[in-house]
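Structure, as structure tokens:
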């Protein structure tokens, strides 16, 4: 029903049952309410909100730069600093780099093509995709055609032009296969978080706009259309809205950075800070349902060493 052709949209509506019409009337305001809450608490970021975030982060960098300049002005005659001053300056520089990383992510998000509204993550029928080779190939071709047509809109006329446009020089088929691989491995569309995070990965489906930007009507035959998918979405969205409400719309990276800075100023050891961060991430991920790794796994434990 999101097809660009108005005739197709009307035909789709004409072909549904009375029960389906009632379901649409029931579900639509629920999604709208979720969108309103998420926007109000800073979970869904529009262009203005992202620019505001960038300004706040840049102000933090500038403030740290002034502190660094003040430390630099206190160098001894031989150009050295005290151990404490040198450590503090390195800490500030590290914090600046972390903030710059978040600014880069927001700036990349600003470069995304504008969209009418928030695009909810697609839940694909992973079980059937894994079991049915023909079904899997059909979705791959959908992605391949979509990627190629997107490049044509940018002025290309051939597959060679597509490779020239693509960041990695890959073909539309290769990009399609990579997208499908991620769906099968991560149970996710090729996603990019709308609240950029370098810390939490592998499950922000409910908080992502689709990097493929492929319309639902084009892949509806490959979608998982069950009550479980809807329950998963609303369950995670409710928790995410509550987190945004509690922490002023900040994402997990921003909250972690604040916690880390407080611990560093309190003089905690790097090992202790890493342990607390790992525990916080583990608790957050289990509660939010965004990360499937066990915090006791070896790779998480290594972060504490």
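The values are calculated or read from the model by the stated rules, or taken from the named source; none is laboratory data. Worth saying up front: this structure is predicted, and the values here are computed from it rather than measured. With ideal geometry, Cβ positions are generated from the backbone for all residues, glycine too; neighbour counts draw on all protein chains shown.
Points worth noting:
- Total residues in the range 23-50 satisfying the condition of being under 18 Å from the mean Cα position of the chain (by Cα), free of Cβ contacts under 8 Å to residues at least 12 places away in the same chain and within 14 Å of residue 241 (Cα to Cα): the figure is 1.
- Within the option set 69, 131, 109, 65, being within 26 Å of residue 179 (Cα to Cα) and modelled with pLDDT of 90 or more holds for one residue only, 131.
- Checked against (1) modelled with pLDDT of 75 or more; (2) more than 30 Å from residue 181 (Cα to Cα), residue 42 meets all criteria but (1).
- Residues of the range 238-251 that are closer than 21 Å to residue 51 by Cβ and without any contact (Cβ under 8 Å) to a residue 60 or more places away in the chain: 247, 251.
- Sole exception among (1) under 26 Å from residue 250 (Cα atoms); (2) touching a helix residue (DSSP H, G or I) at 6+ places or on another chain (Cβ under 9 Å) for residue 55, by number: (2)
- Some residue of the range 82-94 being free of Cβ contacts under 8 Å to residues at least 60 places away in the same chain, within 20 Å of residue 266 (Cα to Cα) and outside any helix (DSSP H, G or I): yes
- Which numbered condition residue 281 misses (of (1) at pLDDT 85 or above; (2) more than 25 Å from residue 185 (Cα to Cα)): (2)
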